[in-house]
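Quick notes on the structure that follows.
Just so it is clear, none of the values below were taken in a lab; they were calculated from the coordinates. These numbers come from a predicted model, not from an experiment. Don't worry about glycine lacking a Cβ; one is built from the backbone with ideal geometry, like all the others, and counts go over all protein chains shown.
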Amino acid sequence: MKDIKKFKGTGVAIVTPFKNDTSIDFAALGRVVNHVINGGVNYIVVMGTTGESVTLTKDEKKAIISYVVEVTDNRVPLVIGIGGNSTQEVINCIRQSNLSGVDGILSVAPYYNKPNQKGLFLHFKAIATCSPVPVIIYNVPGRTCSNISADTCIELANECENIVAIKEASGDIAQIMKIMKGKPENFSMISGDDMMTIPIIALGGSGIISVLANAFPAATSELVSNALKSNYKSARDVQLRYLEIIELLFIDGNPSGVKAMLSIMNICQNNLRLPLVPVNRTIYTRIQKAIEEVNKS
């Protein structure tokens, strides 16, 4: 029986803080973890897109997993990102990772080589077969140039016991509705876009894996909790209050926007690894003003 309760509510795809020399700032990483847990998030996702996973070495990834497991200390479930465009390499990474204290894997659709739907199905089936923990598949066509269709998602949900959810960031409401209509009951739909949280929950989704929650975990948790209780007016009030903040998260790239916010909050430094760079000065100033405004409201 699939265990989907661990991944309900507010998940947060945390950043990987860097020092000025771009080495990992573990002290700041600990501050981020404690900040989001104290803000009421339900689970943490580490080494996703927002965590700049593609610029981390294998040794750094192992160190991050070990450190976050220790700091989290079983207070909330932990999901780690392990994905790529080589199925065998993803399987190797899973087998070589110490998954003690890890509750699930988030695996993004293969990028660049643009597999067809059969290739996507077999890719995720192979990953699910080898993974000792539940798998959340991640559909984000804007980054991968490959879309996990509704039919493929439903087939994976029905045939692979270890695939428990999809993080959906296609922005295609028709596709999301098709998945909701055809999926088994023990398979979750998770929003992968802070702007789509309420619509996806209203369709029967289980929550969000959020970028916003890095900086504003309490507000994000309040929004999701209200939406899950069908208290949409309260959820909408929060969403609209943070509307500009959410836009600014992504206007000059992710995680550039949220790292600017966290630096303003003195949680981590505003450093990224190339090819990503910090937001430009104009956006940084807008972010400062937006934070001041939401803190007043």
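Label sites at residue 143 and residue 57, each approximated as a point 7 angstrom past Cα along Cα to Cβ, lie 2.3 nm apart. Here the calculated FRET efficiency for residue 19 and residue 280, from their Cβ-Cβ distance with R0 = 22 Å, stands at 0.50, rounded to the nearest 0.05. Cα centroid separation, the range 200-273 to the range 129-167: 24 Å. Remark: the chain carries a charge dipole of roughly 140 debye about the Cα centre, counting +1 on each Lys and Arg Cβ and -1 on each Asp and Glu Cβ. Sorting 145, 153, 130 by the number of Cβ atoms found within 10 Å of their own Cβ, with the fewest placed first, yields 145, 130, 153. Taking a ≥ b ≥ c as the square roots of the Cα gyration tensor eigenvalues, with a/c under 1.5 meaning rounded and otherwise prolate when a/b beats b/c, else oblate, which class fits the range 108-205? The shape class here is oblate.
The modelled label-to-label distance for the pair residue 185/residue 112, using points 7 Å beyond Cα in the direction of Cβ, is 4.4 nm. Pull up the DSSP beta bridges for the chain and report the antiparallel fraction as a percent, rounded to 5. About 5 percent, rounded to the nearest 5.
Relative contact order (percent) for the chain, with alpha-carbon contacts under 8 angstrom and 6 or more residues of separation?
Details: 565 pairs, mean separation 59.1, N = 297.
For the chain, the relative contact order is 20 percent.
If you plug the beta carbon distance of residue 98 and residue 273 into 1/(1 + (r/R0)^6) with R0 = 22 Å, you get a FRET efficiency near 0.40. Of 5/229; 5/167; 8/183; 8/289; 8/61; 8/259, which ones are farther than 23 Å apart at the Cα? Beyond 23 Å: 8/289; 8/61; 8/259.
Rounded, prolate or oblate, given the Cα gyration tensor of the range 1-86, with a/c below 1.5 counting as rounded?
Oblate.
Take the alpha carbon gyration tensor of the range 5-230, find the square roots of its eigenvalues, order them as a ≥ b ≥ c, and report rounded if a/c is under 1.5; if not, report prolate when a/b exceeds b/c, else oblate. Here the range 5-230 falls in the oblate category.
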